[in-house]
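These notes are about the structure you will find just below.
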Amino acid sequence: MNQLLIHNPATGALITQVAADDGASVAAKAERARAAQPAWQATPLAERKACITRFRTAIVAQLETLAALMTSETGKPITMSRNELNGLLGRIDFFLKEVAAQLQTETVFNEGGMTEQIEHLPLGVVVNISAWNYPWFVGGNVYIAALLTGNAVLYKPSEYAALTGMAMARLLHEAGVPTDIFITVIGDGAVGAALLEQRIDGLFFTGSYATGAKIAQTLGPRMVKLQLELGGKDPTYVTDDADPRVAAESLADGAMYNAGQGCCSVERIYVHERIHDAFVAALVQAVQSFKVGDPMLDDTYLGPLTRAQQIEVLDAQVADARAKGAALLCGGARLHGPGNWYAPTVLSGVNHTMELMREESFGPIVGIQKVSGDAEAVQLMNDTRYGLTAGVFTPDEARAKALLAQIHSGSVYWNCCDRVSPRLPWSGRGDSGIGLTLSTHGIQTFTRHKAWHLRQA
Ligand code: NAD
């Protein structure tokens, strides 16, 4: 049996090893899910909702243990692990409140003996291949809505959040979700690839563009419903009428929260030349005030990177930016000692010839570029292959809306950043992906629509 080794990114120590899947066990799990799904679809919605309600209750009861488990394997500071679990509760509540209306058969025409109806049916067996950076959020966005709508789920947590994924399964099963309806598949990318070979009805992926593109290539000819939530290079523009200190404090948090390992972390900042210097000074001050340390401690803001290999990406981006003339204002190197530590890093004088402003960093690093006005800011914000989120800081609502209307991204922010709401669709444009989760549309996405044309004899 293959083993998956789980390390603590803060210390490099081995936490444990768990049994991993192989091609044969993945196939057996997919068959079990296929056999069990019709009974789950036939289970009254009230019972499916009761399972998810009990799952929610268990999360609340075990929140401290679950937070500590997530922190131990991902390095996420404990307060942020608690925030993620608490944030998940609001998402569960939203799904529980909205799911019935989304499954209701709609009569859209009824005249002269002709009735037309839309029925909402589960897809069947869906696969969820997930990321490690917000495992409860990005997993829950998929499997909670998928289970409520009557699907069986094969859930592959990231190899960097496998213990958390196994805890999710335990809680769901204890809450009454049948063991063949929510099945974890444990392992690395090769195990994820084995999932693609199974007979499945939907593939919901959260992860990098590189992996998403491979999955799309494999599944394209198979006509399986495919949803890809991928990376970003999210920009924010600070206008000349913004308060530089207020904007800097918010954006420092948006760039550095969870060590910058968020798909919607702020990765590029454009600042109007009139307030550029004041903003840069305030941002560096805010970043330097963040406490770096043991992620298990309540007062730690910045923990380690989850994956050691990302340190090389950050080092290369810093070296490339400096070679092309950027000013390194703080950080810029790994912090020595065991574990995957990188100093919070701010660079100014950057431009779009630099990798730092083009490719996802996924770490505690941000570049600041001076702009002459709104037109240049819009042009630069849109100069990206990604399109997940983008923001503007200004007290002028009309100016903000006019700017944001020109931005090609799934979400736009006025005077805020790095924010996700269960009520709003979460989607990307360009290489940030296809499809969406959250909102009522993110419930519908786990259903297929059957059209009924009914004529009275
Ligand atoms: P990743 O692509 O390395 O891995 C994601 C998952 O895919 C893991 O479970 C991995 O085991 C699996 N996988 C790897 N190779 C595979 C293959 N060939 N076939 C099938 N599965 C395979 O990404 P990651 O490092 O886990 O996550 C970080 C990325 O996720 C970042 O780019 C981030 O922006 C993105 N992300 C996006 C969102 C969003 O909502 N758009 C949310 C969170 C993270």
Practice task
Distance check, please: which entries in K76/K401; K156/K291; K76/K233; K214/K324 exceed 23 angstrom between their Cα atoms?
Solution key: K76/K401; K156/K291; K214/K324
Completion exercise
Kirkwood calc, segment 117-173, C-alpha pairs only, radius in angstrom 11.8 Å
Handout entry: Ratio Rg/Rh [Cα only; Rh per Kirkwood] for segment 94-210
Key = 1.08
Completion exercise
Whole-Å distance linking the alpha carbon centroid of segment 145-165 with that of segment 336-404 is 32 Å
Problem - Dipole magnitude (debye, nearest 20) for the chain, charges at Cβ of Lys, Arg, Asp, Glu - result: 920 debye
Problem - Whether segment 234-421 is rounded, prolate or oblate, judged on the alpha carbon gyration tensor where a/c under 1.5 counts as rounded - result: prolate
Problem - Apportionment of accessible area to carbon and sulfur, the chain, percent (1.4 Å) - result: 54 percent
Exercise for the section: For segment 236-355, calculate the relative contact order in percent as a whole number, restricting contacts to Cα pairs under 8 Å that are 6 or more residues apart. Expected result: 21 percent
Practice task
Percent of Cα-Cα pairs per 5 Å bin, from 0 to the last occupied bin, for segment 26-173, please list those.
Solution key: 2, 9, 17, 20, 18, 13, 9, 5, 3, 2, 1, 1, 0
Exercise for the section: Return a whole-number percent for the relative contact order of segment 369-457, with Cα pairs under 8 Å and 6 or more residues apart as the contact set. Expected result: 24 percent
Fill in the blank from the handout: Cα-only Rg/Rh for the chain with Kirkwood Rh rounds to 0.99
Practice task
Over every pair of different alpha-carbon atoms in segment 361-457, take the mean of 1/r and invert it; report that Kirkwood radius in Å.
Solution key: 16.0 Å
Practice task
Highest first, please rank the peptides 60-66, 174-180 by the mean number of other Cβ atoms sitting within 10 Å of their residues.
Solution key: 174-180, 60-66
Handout entry: Nearest-ten-degree value, helix 63-74 long axis tilted from longest Cα axis of the chain
Key = 60 degrees
Completion exercise
Total charge of the residues flanking K49 in space, meaning their Cβ is under 15 Å from its Cβ, with Lys and Arg +1 and Asp and Glu -1, is +2
Handout entry: Summed side-chain charge close to S130 - residues other than S130 whose Cβ falls under 14 Å, Lys, Arg +1, Asp, Glu -1
Key = -4
Exercise for the section: Find the relative contact order for the chain and round it to a whole percent, using C-alpha pairs within less than 8 Å whose residues are 6+ positions apart. Expected result: 19 percent
Problem - Nonlocal amide H pairs with Y413, under 5 Å, H built at 1.01 Å - result: A390, G391, V392
Completion exercise
Here segment 15-28 yields Karplus 3J(HN,Hα) values (6.51, -1.76, 1.60; θ = phi - 60°; whole Hz; Gly and Pro given as x) of 7, 5, 10, 10, 5, 10, 7, 9, x, 5, 5, 5, 4, 5
Practice task
May I ask you to evaluate 6.51 cos²θ - 1.76 cosθ + 1.60, the Karplus curve with θ = phi - 60°, for each residue of segment 234-246 and list the ³J(HN,Hα) values in order in whole Hz, giving x for glycine and proline?
Solution key: 6, x, 9, 10, 10, 7, 6, 9, 7, 7, x, 5, 4
Problem - Euclidean distance between Cα centres, segment 429-443 to segment 37-85, Å - result: 22 Å
Fill in the blank from the handout: Answer in debye to the nearest 20: the dipole magnitude of segment 44-132 about its Cα centre, from +1 Lys/Arg and -1 Asp/Glu charges placed on Cβ, is 500 debye
Handout entry: Peptides ranked, highest mean first, by Cβ atoms within 10 Å: ranges 231-244, 440-453
Key = 231-244, 440-453
Completion exercise
P(r) of segment 314-355 over all Cα-Cα pairs, 10 Å bins starting at 0, rounded to whole percent, reads 31, 50, 17, 2
Practice task
Add +1 for every Lys or Arg and -1 for every Asp or Glu among the other residues with Cβ under 14 Å from the Cβ of G325, and state the total.
Solution key: +1
Handout entry: Phi-based couplings in Hz for segment 381-393 (Karplus 6.51, -1.76, 1.60; Gly and Pro marked x)
Key = 4, 7, 7, 7, 7, 8, x, 8, 9, 7, x, 9, 10
Handout entry: Cα Rg, Dmax (largest Cα-Cα span) when computed across segment 249-359, Å
Key = 13.8, 43
Problem - Overall form of segment 6-74 per C-alpha gyration tensor (a/c, 1.5; a/b vs b/c) - result: oblate
Practice task
Run the 1.4 Å probe and let me know the accessible area of M166, rounded to the nearest 10 Å².
Solution key: 70 Å²
Exercise for the section: Name the long-range amide H neighbours of V185: under 5 Å, sequence gap of 5 or more, or other chain; modelled H, no Pro or chain starts. Expected result: Y155, K156
Practice task
Only Lys, Arg, Asp and Glu count, each charged at its Cβ (+1, +1, -1, -1), so figure out the dipole size of segment 234-421 about its Cα centre, rounded to 20 debye.
Solution key: 260 debye
Problem - Positive-pole candidate from Q261, A398, F290, dipole of segment 234-421, charges at beta carbon - result: Q261
Exercise for the section: For H7, enumerate residues with amide H under 5 Å from its amide H, sequence gap 5+ or separate chain, H modeled in the peptide plane. Expected result: I15
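The values are calculated or read from the model by the stated rules, or taken from the named source; none is laboratory data. Since we're looking at a predicted model, the values are computed, not measured. All Cβ positions, glycine included, derive from the backbone under ideal geometry; neighbour counts span all protein chains shown. With ligands, DNA and RNA removed, areas are computed over all heavy atoms of the protein, side chains included. Shrake-Rupley method; radii C 1.70, N 1.55, O 1.52, S 1.80 Å.
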